[in-house]
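The values are calculated or read from the model by the stated rules, or taken from the named source; none is laboratory data. Just so it is clear, the model here is predicted, and its values are computed rather than measured. Neighbour counts are summed over all protein chains in view; Cβ atoms, including those assigned to glycine, are modelled from backbone coordinates with ideal geometry. Side chains included, ligands, DNA and RNA excluded: accessible areas come from the protein's heavy atoms. Shrake-Rupley method; radii C 1.70, N 1.55, O 1.52, S 1.80 Å.
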Amino acid sequence: MDNLESIAVRVEDGLDESLRTDNVWPLLRQIEQALQSLQESGSETVIDLGAMPFSAQDEQDLRERLGRGEVNATVEAFGPTLVQETAFAGVWLVEYLDAEQRRLTLHLQIARIPDLLITPADDLADSLASLRRANRDFSAAPTEDVQ
Amino acid sequence: MTDNKTLAERLRERGVSRRGFMKFCAATASMMALPPLMIPRIAAALEQARRPSVIWLSFQECTGCTESLTRSHAPTIEGLIFDHISLDYHHTLQAAAGDAAEHAREAAMQENEGEYLLVVDGSIPLKDDGIYSTIAGITNLSMLEDVAAGAAAIISVGTCAAFGGIPHANPNPTGAVGVSEIITDKPIVNVPGCPPIPTVITGVLAHYLTFGRLPELDSLNRPMVFFGQTIHDRCYRRPFYERGQFADTFDDEGARKGWCLFKLGCKGPTTYNACATAKWNDSVSFPIQAGHGCIGCSEPNFWDKGAFYEPLSAGRWGTPAALGAAVVAGAAIGLGSAALARKRQAEASEEKDI
Ligand code: SF4
């Protein structure tokens with residue numbers, strides 16, 4: 001066989017309207033309830049979209065319904081994680097990718113701020129120590145004469 | 001060999017930050033099919049997880065299970081979990097061969113007596129005293145009995161180790177059986193599939209690492225988190241099934257529109273596995289997404305249950321009347337019918353084995 005064209009199979013690309021699972025609507029109601037509990041009691045919710053039947057078309061529908069908000073962040077740790085606030089404040093899409101850009105999982109987080117964006121408490125001590133070290137090195141370095 | 005570092009320490013050594021570690025935990029929770037609210041518990045447990053010794057025995061098998069596990073590209077969650085275990089014996093992956101390999105197995109057994117995990121892939125021939133498959137002159141049967149005696153638990157990877165698989169298929173010339181037909185006094189987890197999904201294999205290992213015990217099992221000793229639902233329950237084509245929209249051939253309009261593959265022989269309604277959500281090839285796709293029905297490879301005796309391309313209602317997977325009615329009843333079915341189908345399947349399996 002010379003090339004792929006000689007295989008008599010027609011590959012249909014693009015997203016297919018018909019590949020909807022009808023799961024977007026119940027999910028939107030779940031988000032509504034989660035947002036209500038965030039507002040009333042401060043309790044956060046995380047929904048793992050990788051754990052339910054959810055097609056690429058569903059994801060596109062969901063993203064269109066939720067829109068884009070003001071915050072868009074990338075966390076570079078163990079591969080990138082894309083954090084996107086939706087048009088509904090408090091509703092975030094958190095997409096975990098590995099170093100080769102393959103998706104590990106996709107979370108919907110209903111919170112004031114996704115955990116991943118908060119500086120881990122354990123990092124503060126390390127951070128202070130290394131800043132002190134850097135400052136010591138800076139003050140010890142010989143200053144160059146300005147002509 | 002075993003060292004004393006925790007998984008968190010290993011990740012830090014590789015330059016994975018605390019945020020990276022939390023991300024690892026989020027991905028591990030997803031891999032173990034646990035809800036995201038478990039992430040902090042997983043993080044706390046993995047911070048402390050030590051490196052377990054694992055002995056992997058391959059019997060009558062095609063090496064597909066090992067291929068499945070090692071096919072994932074680094075760096076992945078599967079890779080990191082797999083790297084963290086101390087794999088002290090595995091024919092295909094270890095550098096040592098012959099006597100040196102067997103000595104490594106014996107040393108690991110002695111050093112970790114009562115604590116090592118035994119992973120088995122492949123079935124075990126019993127006919128004619130098990131002479132049809134030997135390693136270093138030892139029959140699979142006697143090696144299994146010997147190594148199982150000192151194991152903390154056994155993970156049977158693949159349908160062959162779990163239920164006998166293809167070697168067990170009619171006429172079963174070697175008298176092949178799965179591990180649990182021989183070993184009855186140890187905790188055994190079956191991770192069937194031909195081959196099993198790599199994330200399911202590592203998911204079970206991750207569960208052991210995280211919680212220090214084996215996951216909750218179903219009546220066939222399969223982890224509920226991965227095998228608690230049928231392919232059909234989580235199939236993205238399910239709405240077409242409910243609406244009665246089926247592909248009749250592999251190239252008709254229904255097939256092109258992605259309709260349900262039930263009439264083309266899909267065994268999704270009676271097959272318990274995680275393919276529909278965990279998927280294959282780094283979560284790219286799974287057979288039904290590629291346009292082919294499920295063949296039921298994680299179920300006992302799948303090879304002997306009639307044609308892959310005959311609808312369930314026509315085959316030996318269930319009674320025609322019940323499954324025919326299931327297609328018509330549509331939305332009314334779901335989990336209840338799956339449980340019934342499964343009971344029927346267990347009965348069918350028992351019938352065959354008598
Ligand atoms: S019969 Fe098969 S293709 Fe159809 S919905 Fe069930 S699992 Fe999916």
| Fully extended contour minus Cα-Cα distance, from B:Glu253 to B:Phe211, at 0.36 nm per residue | 10.2 nm
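Percent relative contact order of region B:91-164, based on C-alpha pairs within less than 8 angstrom and at least six residues apart?
Computed value for region B:91-164: 38 percent relative contact order.
Which peptide among B:280-287, A:46-53, A:123-130 comes first, and what is the full order, when sorted by highest mean count of other Cβ atoms within 10 Å? Spell out each step's value before the answer.
Working: B:280-287: 16.0, A:46-53: 18.2, A:123-130: 10.6.
Going from most to least packed, we get A:46-53, B:280-287, A:123-130.
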| Which whole-Hz couplings ³J(HN,Hα) result when phi for each residue of region B:152-165 is put into the Karplus expression 6.51 cos²θ - 1.76 cosθ + 1.60, θ = phi - 60°, listed in order with x for Gly and Pro? | 6, 7, 10, 10, 8, 9, x, 5, 5, 5, 6, 10, x, x
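Mind checking B:281-292 for the average number of partner chain beta-carbons within 10 Å of each residue's beta-carbon? Before the final figure, lay out the partial values.
On the way: counts 1, 5, 5, 1, 0, 0, 0, 0, 2, 0, 1, 0.
Partner-chain Cβ atoms within 10 Å, mean over residues of B:281-292: 1.
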| Check B:Asn273: other-chain or 5+ apart residues with amide H under 5 Å from its amide H, H built from backbone geometry? | B:Gln229, B:Ile231
| query | Rounded to the nearest 0.05, what FRET efficiency is calculated for B:Ser283 and B:Glu181 with R0 set to 35 Å and r the Cβ-Cβ distance? | reply | 0.55
| note | Computed for region B:51-226: size of charge dipole around the Cα centre, +1 on C-beta of each Lys and Arg, -1 on C-beta of each Asp and Glu, debye to nearest 20, value 480 debye
| task | Count, for each residue of A:131-139, the Cβ atoms from other chains sitting within 10 Å of its Cβ, then give me the mean as a whole number. | result | 0
| Heavy-atom accessible area per residue, region A:24-137, 1.4 Å probe: how many Å²? | 56 Å²
| note | The set of residues whose placed amide H lies less than 5 Å from the amide H of A:Gly69, leaving out same-chain residues fewer than 5 positions away, is A:Glu85, A:Thr86, A:Ala87
| request: Obtain the nm distance between the two label points defined at B:Ala290 and B:Thr70 by a simple spin-label model: each point lies 7 Å from its Cα along the Cα-to-C-beta direction. | output: 2.1 nm
| request: Calculate one ³J(HN,Hα) per residue across region B:237-249 by plugging θ = phi - 60° into the Karplus curve 6.51 cos²θ - 1.76 cosθ + 1.60, and present them in order as whole Hz with x for glycine and proline. | output: 8, 3, x, 6, 4, 4, 8, x, 9, 10, 7, 9, 9
| field | Reciprocal mean inverse distance between Cα atoms of region B:51-226 - Kirkwood radius, Å | value | 16.1 Å
